[in-house]
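No lab work stands behind these numbers, since they all come straight from the coordinates. Just so it is clear, the model here is predicted, and its values are computed rather than measured. Cβ: placed from backbone, ideal geometry, glycine included. Neighbour counts: every protein chain shown.
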Amino acid sequence: MIKYDYMIIGSGLFGSVFAYEATRRGYSCMIIDKRKHIGGNVYCDNKDGINVHMYGAHIFHTENEKVWKYMNQFAKFNNYINTPMANYKKELYNLPFNMNTFNKMWGVITPKEAAKKIKGQCAIIHNTPQNLEEQAISLVGTDIYEKLIKGYTEKQWGRKCRELPAFIIQRLPVRYTYDNNYYRDRYQGIPIGGYTNIINKLLRKCELNLNINFNDDQSYYKKMAKKLVYTGPIDEYFSYEFGPLEYRGLTFKTKKFNIENYQGVAVMNFTDYDVPYTRIIEHKHFEFGTQPVTYVTKEYPVSWKLGDEAYYPINDKKNQELYKKYYELSTTEKNVIFGGRLAEYKYYDMDEVIERALNVIKREFG
Ligand code: UDP
């Protein structure tokens, strides 16, 4: 009955990197995925020569040289730098929060003037910030919080900023320079040829089966391999024994336009609460496309219920405590490796998932 060394559940970055490293060492692997395509959320569909990011913008960025080199084995990266715009009721601001943003907001020109303005506004926060609202105000003051953070964050997460953890906003840099590069990382770009190509290379020697839901018949798939690598939701693996973990859902609406350029930038955030989507992505700009047509995706945050596609883990106290219970249970599970955004219930970026997979691989194979 045992046919493989590893049965891998989920063909996203974690599962695919694991599959590559295992097959390269001569282990046999089968990977299954419940979706009809490989790659999990990094999957791109090529339409009219444009790689359309089917599950939202995926911009690769990392500070980790090892991860960067690792990825460069499978693709060359272009020199795309993410410089998104924020659109608040048709007022446009540069992101992340930097001197260009401060200049547009207040007319200030020097870093000193900007710092003074922010200091005056954040004086209302006296202690260490306890939630996202306090954290945001203490970083950039009330004007930016009200126009560029509050509406966006509350619609993205479906909760008040006061009920959200501070760390979410710490992902964004605040800079006192005229620098619109969204990320702090040394390495950044979009893989030339697209993410799906990378996944294809990673899975080259691995047996692949799509449209299969492991959790429909766990014991059957478990019996097929010596070991399991599970990258699906951890609560689902344990049949929601302690109750379901919560997520934020997303809906993507993609449209083709017979024009060359729709919005002039790859990512535009809509920070006003009354606009139902959080961002519009114009995919061709990730690759400096010159096609006569363009594809544009509106990203709508939606409430999530069991059975829906899980996107962002809600890492609040209640859910973290619940996750801990599942995590402890998972440590008693023999011959199963849990990894990735869903199995670890973490708001991972792509590079962090790869780093995590490489660490697991090192432990597994030495
Ligand atoms: N954020 C914001 N306004 C923006 C962009 C981001 O307030 O225009 C906040 C929001 O709380 C969001 C967090 O910053 O959840 C992290 O943003 P990031 O772009 O890293 O989110 P992701 O791309 O992972 O969805």
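Neighbour counts of other C-beta atoms within 10 Å: give me Lys298, Lys116 arranged from fewest to most. The partial results should precede the final answer.
Details: Lys298 17, Lys116 13.
Arranged by neighbour count, lowest to highest, Lys298, Lys116 become Lys116, Lys298.
Extension gain, Glu333 to Gln130: 0.36 nm times the residue separation minus the Cα-Cα distance gives 69.5 nm.
Summary value for the stretch 169-301: 20 percent relative contact order, contacts being C-alpha pairs under 8 angstrom separated by 6+ residues. When the chain is treated as a GNM with alpha-carbon contacts under 10 Å, the residue of Tyr295, Tyr220, Tyr70 showing the greatest mean-square fluctuation is Tyr220.
Across the stretch 284-316, the residues whose backbone nitrogen lies under 13 Å from the label position 7 Å along the beta-carbon direction of Ile192 are 287-288. Report note on the peptides 81-88, 118-125: ranked by the mean count of other C-beta atoms within 10 Å, highest first, their order is 81-88, 118-125.
Antiparallel DSSP bridges in the chain: what percent, to the nearest 5?
Working: 30 of 49 bridges.
Rounded to the nearest five, the antiparallel share is 60 percent.
Among Val296, Val174, Val353, the residue with the largest mean-square fluctuation in a Gaussian network model of the chain, with springs joining Cα atoms closer than 10 Å, is Val174.
Please identify the helices of the chain, taking whole runs of DSSP H, that span at least 20 Å along their own axis as judged from the Cα atoms and have a mean Kyte-Doolittle score of -0.5 or higher.
Numbers: long enough: 317-331 (21 Å, -1.83); 350-365 (22 Å, -0.17).
Span-like helices, by this rule, are 350-365.
Among Met105, Tyr145, Pro84, whose Cα lies farthest out toward the positive end of the dipole of the chain, if unit charges sit on the beta carbon of Lys, Arg (+1) and Asp, Glu (-1)? Of Met105, Tyr145, Pro84, it is Pro84. For Ile8, the residues whose amide H sits under 5 Å from its own are Met30, Ile31, Ile32, Val229, ignoring neighbours fewer than 5 places away on the same chain, with H placed 1.01 Å from N.
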